[in-house]
Structures are given as C-alpha cells and as structure tokens.
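These notes are about the structure you will find just below.
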RNA sequence: GGGCAGUUAGCUCAGCUGGAAGAGCAUUUCCCUUACAAGGAAGAGGUCGCAGGUUCAAGUCCUGCACUGCCCACCA
C-alpha cells in the first residue's frame, strides 16, 4: 500500500478485521504444550449497541489477550451475549406498545416468538461491533445465555441445587416492581433520594384518653399496621409497652411493643409496624411474632382494608388517608423530609415491598466459599481495594430471590403434579430437565410447569462454566483445560450483580473459582463527571470516534486513561493526542522504510557502533521491561504511556534525528548497520504497542516484512532483538540488557551529550547564528563542564550537529 | 450511619515500595530543516486540598479536618 503522509485508518482496519477473522487468528484449541490464558467476555445484553463502556471493556480485554498471545500463551477469549431478562422484555414490550398491543394480547407463546424474532434480528449487533474494534475473540465459540447449551447448564444447575435443598419456595417480603410486574432481588433495587414528607399521626390508646404519635413517610401503609414499636430504653414510652392502641380509620387493636431497632432520636421515637410492606418492620414482626396483613397487592392496589380504600392505587390511597386522618383529628403535622426511595433498576418505577410467593436460593454456604476464595488468594482483585466491599457483601447476603414473573428467560424447570381437572395436587413439585413421566409421589402423569422464569443473572452466574458446555458434559476437555479462567475484566457496577455470583456458582459446581483474577476498570464519564448513559444524553459514541480518527486512536485514548479502578473522563482532546501519536508512528515508519529503499534485505542481527545505538537499545530494554510489568499487572495506562514516551521522545526525537546525520555521510555498509538498529527498534516497539493499537502496527509490520513470508502478521511471539525481554519466562530487567551495555554509564554519557547539543542549539537560536557555524564558534560561551564534555566527545558531537 | 476512592500546571490526568515536581491539550517565541506543521527547537506556568506529626529528607508514610464522587445500610 502507498504510504501517504497521513495514516489512513479506514482501509487498514477493514483489511485486518477481515484477516483476523478469516484466518481464525484468535481461535483457540487445546494445546497441552502451552499454558492456557482464558478470558470470558462479560456477555453484553442483546439490547445493547456499542457504547464507550463496551469499547473500554472490550479494548482492555483485547489488550490483555493480545499481549498474552505475544508472550506465547495459548489464549482464548470467549464472546457472547446475554438474554437480558427484564431489560430485553421491556424493549420488545415498548415496540408492541407502538402497535397498540400488550404482551397479554399476544399470549405467552406468541410473545416469546416475537422476542426470539427480535433477538435474531438485532441481538448480534453488539458482536459485529466488537469485531470492528478488532477484538481477538474466538468467533467459533460465540455463546448466548439462552441458547441450547447454556439452557442445559441452567437446568442442570437448578435441578442440582433443588435436589440438594438449596432452592426453596416461600412467601416472603420481596421487592416488587408493579410496572414490570415482577419480583426483583435486593441488588436489583436502586435507591435515590426523593423529597417527601414525614406525617405525624396520633394513635389513641384503647383504655384511656392518651395517645402516641408515630412519624411515617408512608401513611397509607397504616392500613396494614399490626403494632407500634418503641425502643426499650426510651423513658418516654417504657410504661406504655404492652398497652393496646386503636388503629385510626381501621379500628383494629394493636399492641405497643419494644424493639432495639427503633431509634429514640428519630421522629417521635414511635414507629408504626407494617410487616407486609416494609423490610425493617418485617424483621420486627418476626422478632415479636406479629401478624402480617397485606394491604397492597401485586397490581399496586389496596386490599384487606375498609371498603372505601379498596382498589385504590397506593398514591390515591395516601391522599385519601391523609385527608381522612386530618378530618378525624389524627393528623398532628406534616414535615418536609427527604429520604431514599427504591427504584426498579430497569424501568425506574418505585419498588413496592410486598409479600409474595417466590423461589429462593439459599446462598449461605456458597457465600462462605466465595469469601474464603477471596481471602486465601485464589481470587485476586485488581485493584485490591475491591476485595473488602466484595467480601462484606457476600458475608451479609440474604437468600436470593431467583424467580421473575416475566416471560423472557429460562423457565423454571419445576413441574407440579395436577389432577384430571388440572388443579395442582398436594404432591411435592419436581425439578427436572423435561416434563416428568410420572409423579414420584402419586404416580400421576399430568404436570404443569412453573410459570415463572429465572433471574437473568442466574444464567450469567453460570457463564464461565456454561460457555465450556458444562451443561452437557461436566468432564469435557475444554472445561478441564480452560477453566478456571485467568482474569475477569469488568466495571465495578456489576461486582455484586455478577462477579460475586459467578464465584458462588463456580465453587458450587466446579469446586474451583471461575477466575483467578478480577480486573476492575473504571467507568467512562462525561466532561461533567456524570456517567455516560443514553438517558442522560451525554454519550460520546465510540463509532463516531472510530469513523473520525480510527479505531487504534479510540483504543489508545481509552487504554491510556484506564488506571485500574479509576473512573475516567474522555474528552475530545484525548483522541486528538492519540491521533497525533498514530500519525507519528506512521511517519517514523515511513522514514525508516524510505531509507530501506535499495538496501536489500537486512539480516536479523543488530550492529551497535556508537553511543547512540547503545543508548537506544538500553532505553528500549528498560521500556520493554516496564511495559511488560505494566501489562501483566493490568496497568494498561502505564504500558501505553511508557511506549508513547519511549517512541516519541527517545526513538523519534533523538535516535531518528541523530541517525539522519549519520546516514547522510555514511557508506552503504555503515548505513545498513545504522538501519539494522532503526528497523529493529521500530519492529520491537510495534510489537510492544500491538496489543493497544493492533491495526496500524500490523499494517506497518506487514510493509516492513513484505518480502518475508514468515512474518506475515505481528505475531505469535516477540522478536528476539533483546533476548527474553518480554517473553513469558523472561528474566528481570537488568539481565536483558546485553552485558557490555552498562545502562548507568550510557545514560550518563548520552545525557551529557544531549545537554551540550541542546545548549548549542539554544545558543544558535538566541544569537541567530546559522547551523553551519561549527562548535568552535560557540565553544567559548559554554561553561567549563560542557567544555570538558565537548573535548571528550568532540568528533561525535561535531558529527551530530 | 458505615465503607471506598479522589483533591498535583488554565483543562484532563501520571507520579509504585519517601531523596532536587511530570505528560497531553491550551499558551509564548522561533522554524514549512526532504518521516511527520496532526511536526520540530526553546520557554513560561505548581507553597502537590487544609492542619499537625514521623524523618536528615514527604504529593509520596501517620493522624485529624474540609470538599467531591461512588458503594453499602433495617434514614420509620
């Protein structure tokens, strides 16, 4: 290809994307002679299209994979997508709504057909976009959390845990989203502060004229109050404990109880207890054996209440009840009050805590095992600071509500025995892959399957084992070879939702952690520090950046900003800087390639003949060593910066500049010697950089090696310019520098010479003297130290000026 | 209420185990020198959030405080 002055990313990127896929460069098969290095991609939701967060996450993983491949590992990076449960169902429901239909109009079966159709039309968008980023994924292994193999894994896991008694059904207080019409797990609720009021309400004592005043943010739930609680140490109320109150509007008799959780200093120090609609109250009720009265149903409507409130929505009921309380003289005052309110993480509707029958997973033992794995170093966090919150979360985890009242997802493989009329019998439900032949209990042959589906995170939790086909064969060779995976790279927003659950399931089913390392990277934020999200309308579309500047530029800008665990702002300027760097690489390469014209094929040896040669080699070795350490510890930002600095300020600004003068006056043989180092330094740097900027480096590599069939792509392992400087089994940085090159003394000498040259250039510039004036003219102006250096290196410096 | 990050040049950020303040962008001056003006050379710009402490020596370690952000919590 013609090397123009400016690097043209378009053609190059298309070429290499195609090349890597067609040649299956990143397809991995078991090779017992090589160590595996495995990553499973965090499966993107099928509703997704590439945003900056994906681009960052994918780029970082690709950098790690490409680096490990260069080091000689048998690398595997598994691609895939997630069915995305509620989120995806909501998308399709919205589409239906545009046609004026609801999912109920279609019915479950037709609706699911629609879902599958939609998923087959648009579900792979994100994968295609990952290809354009250059991701070295094994495209022969694409997985989907709801495809056949993954479904088998889900059923297998469920049945196993069900049979072990870990999965149980129970009626409990759950987080209910009445917009999505389903229960959610604790972690799927997002809390946000909201301005509201604190209503102070009189609750009269039954046997006297006295009363207590409760303060509440939810007056409407008084309909379901079954007690009033005070702190046992609260002198104001201790004498009242055990007395009976008459619940206003309802006229039910309720007791005053004491509980440690009540804060004397909050509100009036008296809490109304609504066990069916508040988590704290539910706990109090358990401790004091209180009755639970449900007054809000799954549609968000009032039930079990005086007639006038029946069927009202929660908000209507609140208005009515406050009005009625006021009219009846029970309302003492209304204060302004801001408190946090739970919202559905998918639709942002208010969460209603209510009683509902659901499937739960007992996570106690699994959590302990995951905690142990984090504590004993089987799973290592990068940065380490994430370990503590991770462990804390696992230690305080409540049982996981795994059933969802939606249609899109893995249907719960539990079957209920039914009689001739289709009514459920009292037989124990059975969990199994297929509909059972006959009931183990009554030998009946009729069954209905549970209506609910599993939390989408259930199948995600199985991802590291399901992608290796654990569901069909838990002893297969791939699983043995590639599991546990080497590292999991993700943002911190799904540590609990996903990372912790994978650890639990991995340890449960494989008796081993699913990943040895967890690399937590930051979140991309906009210039105001806000998280980029569609709803805020502040997204910088990575595809626009790729279009405008090229994919390598996008990758470099992201890589260079990706300090582990730190959120980052990506501004337009960071892309400009990266664009300039890409151009610099292109042009420096152009310089080298131009000088190679007519020089014939250089051999693989290098011929350092001057201080500058030794200096650049020594500097490269130093850089390579730092870069290696940085890549290996996932300090991708450091790696990128080190390469940038070496290439620009050392290789280009000094080495190439010095070489120009040398080349001009050199004969063919000397020129070949100088070029041997120029070329090798260039190639070596290209390799170091290739994980971050694979396109431009591959392209230049290809041009440099156009006559060499063996070096078609940047490749399987590093150059041996400086033996062992970067390979898997490399030694420490000191030993990689050829022995006769004493780094300290080279640096010292080179520094002195650079100082003199800079000084002389400055003098020329200040005195407005033409470059032709030789050192002698300027010699007298130099200080003694520099004079000495000039004397010692006169010939050399003359040559370089 | 608890936990975790951050606070370094006008802006975005590097500065790991303590030893003479760094990069990119922006800015000033000069240079279209045949790799690159998306470039080169030289320069200006910082009491490293505040207050203490440890040390011969502290952005770098310790304590307290302030502000910002995030996460967790049974904030009725």
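Some points to look at:
- Qualifying residues in segment A:629-641 (those that are buried (at least 23 other Cβ atoms within 10 Å of the Cβ) and part of a helix (DSSP H, G or I)) - the one farthest from RNA strand B (Cβ to nearest atom): A:631
- Selection within segment A:643-653: residues that are crowded, with 19+ Cβ neighbours inside 10 Å and near RNA strand B (Cβ under 9 Å from one of its atoms). The member of this set that is farthest from the chain's Cα centre (by Cα) is A:651.
- Residues in segment A:2-37 that are assigned to a helix (DSSP H, G or I) and more than 16 Å from RNA strand B (Cβ to nearest atom): A:14, A:15, A:16, A:17, A:18, A:19, A:20, A:21, A:22.
- Scanning segment A:276-295 for residues that are assigned to a loop (DSSP other than H, G, I, E, B) and out of contact with any strand residue (DSSP E or B) (no Cβ under 8 Å at 6 or more places or on another chain) turns up A:289, A:291, A:293.
- So residue A:194, is it within 15 Å of RNA strand B (Cβ to nearest atom), crowded, with 21+ Cβ neighbours inside 10 Å and closer than 30 Å to residue A:338 by Cβ: no
- Count - residues of segment A:223-268 that are within 13 Å of RNA strand B (Cβ to nearest atom), assigned to a loop (DSSP other than H, G, I, E, B), closer than 26 Å to residue A:328 by Cβ and out of contact with any strand residue (DSSP E or B) (no Cβ under 7 Å at 6 or more places or on another chain): 2
- Yes/no for residue A:298 being more than 16 Å from RNA strand B (Cβ to nearest atom) and not in a helix (DSSP H, G or I): yes
- Options A:424, A:388, A:443: the member that is surrounded by fewer than 16 Cβ atoms within 10 Å (Cβ to Cβ) and within 30 Å of residue A:110 (Cα to Cα): A:424
- Restricting A:100, A:107 to residues that are assigned to a helix (DSSP H, G or I), without any contact (Cβ under 8 Å) to a residue 40 or more places away in the chain, more than 16 Å from RNA strand B (Cβ to nearest atom) and over 30 Å from residue A:291 (Cα atoms) narrows the list to A:107.
- Looking only at residues of segment A:134-153 that are in a loop (DSSP other than H, G, I, E, B) and touching a helix residue (DSSP H, G or I) at 6+ places or on another chain (Cβ under 6 Å), we find that the one that is farthest from residue A:65 (Cα to Cα) is A:145.
- Unique residue being modelled with pLDDT of 95 or more and in a loop (DSSP other than H, G, I, E, B) when the list is A:433, A:458, A:505, A:468: A:468
- Contact annotation: residue pairs with Cβ atoms under 6 Å, 6 or more positions apart or on different chains, pairing a residue in segment A:365-392 that is in contact (Cβ under 8 Å) with a residue 40 or more places away in the chain and within 16 Å of residue A:505 (Cα to Cα) with a partner that is assigned to a loop (DSSP other than H, G, I, E, B) and more than 16 Å from RNA strand B (Cβ to nearest atom), are A:373/A:379; A:373/A:513; A:378/A:513; A:379/A:513.
- Single unsatisfied condition, residue A:664 versus (1) within 13 Å of RNA strand B (Cβ to nearest atom); (2) modelled with pLDDT of 85 or more; (3) in a helix (DSSP H, G or I): (2)
- Among the criteria (1) farther than 26 Å from residue A:363 by Cβ; (2) modelled with pLDDT of 90 or more; (3) touching a helix residue (DSSP H, G or I) at 6+ places or on another chain (Cβ under 9 Å), the one residue A:200 does not fulfil is (3).
The values are calculated or read from the model by the stated rules, or taken from the named source; none is laboratory data. Keep in mind that what you see is a predicted model, and the values were worked out from it rather than measured. Here the Cβ is made from the backbone with ideal geometry for all residues, glycine too, and neighbour counts use every protein chain on show.
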